[in-house]
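So the structure is just underneath, and the comments pick up after that.
Taken together, the values in this text are just the output of simple stated rules run on the coordinates, not laboratory data. Keep in mind it's a predicted model, so treat the numbers as computed, not measured. Here the Cβ positions follow ideal geometry from the backbone for every residue, glycine too, while neighbour counts run over all protein chains shown.
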Amino acid sequence: MKQVMLGNEAIARGAYEAGCHVAAAYPGTPSTEILKNISKYKEISSEWSVNEKVAAEVCIGASMAGGRALAAMKHFGLNVASDAVFPAVYEGATGGLVIICADDPGMNSSGTEPDSRNFAPHMKIPMIEPADSQECLDFVKLAFDLSEEFDTPFLIRTSTRVNHGSTVVTTGERKNVPIKTYAKNIMKNTNIPAVARNKHQAVEERILKLRDYSNTSELNRIEMYNKKIGIICNGISYQYAKEVFGEDASYLKIGFSYPMPDEKIKAFAASVETLYIIEELDPYMEDFVKSLGIPCVGKDKLPRCLELTPDIVREGFGLSDTKEGYSVDINTPVRSAVFCAGCPHRGIYHEVSKYVGKIVATGDIGCYALNILPPFSVTDTMIDMGGSITAGIGFDKIKKLSNRDLKTFSFIGDSTFFHSGITGLIDAVYNKAAISLFILDNSTTAMTGHQGNPVNGKTLMGEQSTMVDIEQLVKGCGVDPKNIRVIDPYDLMSTRAAVKEAFEATELFVVISKQPCALLKSQQEARKGIHCQVNQEKCKNCKVCIAKTGCPALEISNGNVKINKVDCNGCTICQQICPFDAIERIGG
Amino acid sequence: MVVQFVNKFAHSMQLKGLVVNMKKNSSIAVVGVGGQGTVLASDILIDGLLELGYDVKKTEQHGLSQRGGTVNCLIKYGEKVYAPVVSDNEADLVLAFEKLESARWLSKLAKGGHVVVNDFEIHPVPVKMGKEKYPENIFEALKENIDNLHVIEATKLAEQIGTSRVQSIIMLGAAVKILKLDIHDWKSIISKKVPQKFVEQNLQAFELGLKSV
């Protein structure tokens, strides 16, 4: 059937049609919708894993056990999972094993923009790059077959515009792939040094065979038109090159990008007058072409930073743009990202903001990172998933060495705590770090769109499961129970008391802030009809509520403060802050 | 397949009485604020364009799962589409669900293109906080500068039908009218895409949209 599909939906469909048995991921933009869509296919046992290394290992295990498996992640995820993927390349694949890595050129939803293609030669893992949704579907299917044929995991590398682009796709039926019989094989499935030494040799030989495949594969496709210009391009860059140059150039579209097709590149280069390389981020293909001694034009014309567009390609190669448009002189205020109305993070950061100047706040990855902006301006540092606790330990060591009078507060969300925070907390316990840790439990992985995680006890397959109790877990890590507080961040008085204790603590101290994300459906239903309103007779129009909360449900209308009752969920933070008792709660 | 496409294409074009450059792609920027239904309207548009025999591509902005952000869906269609993005000065239609967004995304509009804008304001946080002003003269400025401006009261009309939610289908109706695609059976797609109990309201909304421009 022909339909328009998101790239991520097509990857999921490809896995389904390939007879995939197991799929695992940790959510991360732009890869999240892959597992969300795979979960619609009940034939595939799918899960939200607690991090990408876990996801990769679950899939490596499933492959060793004889099934076909797919792990999906964003580029940061491959950094985390790499520890598992490197040895998996030595161990090969019994059932087809596919790793999807979604890059984010332009940093639409990421803090850096690494080019994950560089991982392929480092890991010695074959790599495939689709350029639209149909290729997402077709290449995933092919990757499963090739994975078994060549006995290796395959990496499929995408970019935001492929993952989040919707294009026309023709779907097929699911292939029934039986799970292979399991036979114990320590020579294959372990990497003790004596075994691994021989396997490295086998991996190098496999790469040579894959190079032959890359040279003959239709995934590396030559399209001959005008021979004055030849363009080597990959993924979304192929679409931009075609849009800009049309039939005024010839193309070598690289779909199988590790190992690169050396012979095909030589033949293509010989058949055109000038060779251009069009690719986003690093000169991955360009460096390879130059290593063959072939002159080409690439990064001297195109940027290494951010994503390409047809206009950037056009401009880079000095082509004129004939498009005309309009402009108007209107100031358009930005719709900046802020904590939503009713966000449970507001209360905690309101109270902590009173200590700015006396603390160092090490932050982490999640919605709560928005506290970096006014009116809170709390966070000092942000590194990676889990980095809040561990960087806090580093700050604490320097604090002790320098007698610096800055208390360390570390902040982490529930999902990030499970992802990479627990090890840091154990390190803090073991190494006697005197930091104060705030675990902001909003019962979901909010930033990527409310995926399940161990606190909410609902699996991706829709089953009820054990809800992991963070307080017990913290105790289990060795934190002294007298140094643990559990608070409701909607209650500013108890929050204030806990923050004060955290500030004064001389040992490792943990505050667990528990209140579900205000946008969770269950939460919206539970709080239906509850909202706050301004008593205009009591209101002195001081606007402290707006200035201190930055809540988007509060607005100034005809000079007066009003509360939008559709957005407001009656969290009462503004009510508790109002110096004139002019805000009332309705309902509930 | 190709023949079938060309026939279908020529047929629909003939009906419209347009001179068609088969090479030229068309594009639409659907813009608004999170929660206004821009994604639904875009999904229905691309399904219809596919049924009409076009190659079609769409790019959406996905970001924080958070309320009140600016949302855009860029749609491109024609005989063969490569880049799924719509460049500046390229869109034949900017379909703006909110006033300020029509100004923000005007850079997408090609010379001679149309702007259909819902006469409805959603104030950004800096405006609510009194730090910035919501511009007062948007429609005047647009009217002065662009050739084809269509202001419609989609939200108000939707509320008259009974729910502001159907504003996206009113906008859709206006879009297909402007793009001269109203010959197609959009109602069957709408019926499939919206919850069963709201089909009638949505079909009524579509009719209103067609008549609004």
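Remarks
- Rel. contact order, % - alpha carbon contacts under 8 angstrom, at least six apart, segment B:43-154: 19 percent
- Segment A:356-394 and segment A:240-313 have Cα centres lying 41 Å from one another.
- Helix axis angle, A:133-150 relative to chain A longest principal axis, alpha carbon, degrees: 70 degrees
- Using C-alpha pairs below 8 Å separated by at least 6 residues, the relative contact order for segment A:527-586 is 52 percent.
- Gap separating the Cα centres of segment A:47-61 and segment A:129-171, nearest whole Å: 20 Å
- For segment A:432-481 versus segment B:175-213, the gap between their alpha-carbon centres in whole angstrom: 45 Å
- Charge dipole magnitude, Cβ of K and R +1, D and E -1 - the protein assembly as shown, Cα centre, debye nearest 20: 1000 debye
- DSSP-defined beta bridges in chain A - what % are antiparallel, rounded to 5: 30 percent
- Listed residues A:Met127, A:Asn226, A:Val479: farthest to the positive end of the dipole of the protein assembly as shown (Cβ charges): A:Val479
- Gyration tensor (alpha-carbon) shape descriptor, the protein assembly as shown, a/c threshold 1.5: oblate
- Rounded, prolate or oblate (a/c below 1.5 giving rounded, otherwise prolate when a/b exceeds b/c) for segment A:493-583 by Cα gyration tensor: oblate
- Relative packing of A:86-94, A:521-529, B:188-196, B:171-179, which averages over residues the other C-beta atoms within 10 Å, highest first: B:171-179, A:86-94, B:188-196, A:521-529
- Whole-number percent relative contact order across chain A, with pairs defined as alpha carbons under 8 Å at least 6 apart: 11 percent
- Look at the stretch B:142-148: the mean tally of other chain Cβ atoms within 10 Å of its residues' Cβ atoms is 2.
- Taking Cα atoms only, the orientation of helix A:262-271 departs from the longest principal axis of chain A by about 70 degrees.
- Distance violations [Cα-Cα > 28 Å] among A:Lys74/A:Lys458; A:Lys565/B:Lys131; A:Lys299/A:Lys323; A:Lys299/B:Lys24; A:Lys397/A:Lys482; A:Lys228/B:Lys80: A:Lys299/B:Lys24
- Averaged over A:555-562, number of beta-carbon atoms from partner chains that fall within 10 Å: 2
- Legend: mean number of C-beta atoms from other chains within 10 angstrom of residue C-beta atoms, peptide B:128-136, equals 6.
- Footprinting exposure proxy for A:Ser513, B:Ser212 (fewest neighbouring C-beta atoms within 10 Å first): B:Ser212, A:Ser513
- Leading residue at positive end of dipole, segment A:363-503 (Cβ point charges), from A:Leu401, A:Thr448, A:Ser436: A:Leu401
- Calculated [222 nm] ellipticity per residue, helices only, for chain B: -12000 deg cm²/dmol; basis is -39500 (n - 2.57) per DSSP H run with n ≥ 4, divided by all residues, nearest 500.
- The order of A:Thr190, B:Thr38, going from fewest to most other C-beta atoms within 10 Å of their C-beta, is A:Thr190, B:Thr38.
- Taking A:Ser420, A:Ser31 and counting other C-beta atoms within 10 Å, the order from fewest to most: A:Ser420, A:Ser31
- Using the Cβ-Cβ distance between B:Lys131 and A:Ala526 with R0 set to 35 Å, the FRET efficiency from 1/(1 + (r/R0)^6) comes to roughly 0.60.
- Among B:143-156, A:127-140, the order from most to least packed when residues are scored by Cβ within 10 Å on average: A:127-140, B:143-156
- Between helix A:235-245 and chain A: long-axis angle, C-alpha atoms, 0 to 90°, nearest 10: 70 degrees
- The Cα atoms of chain B give a gyration tensor whose axes a ≥ b ≥ c have a/c of 1.5 or more with a/b greater than b/c, which makes the shape prolate.
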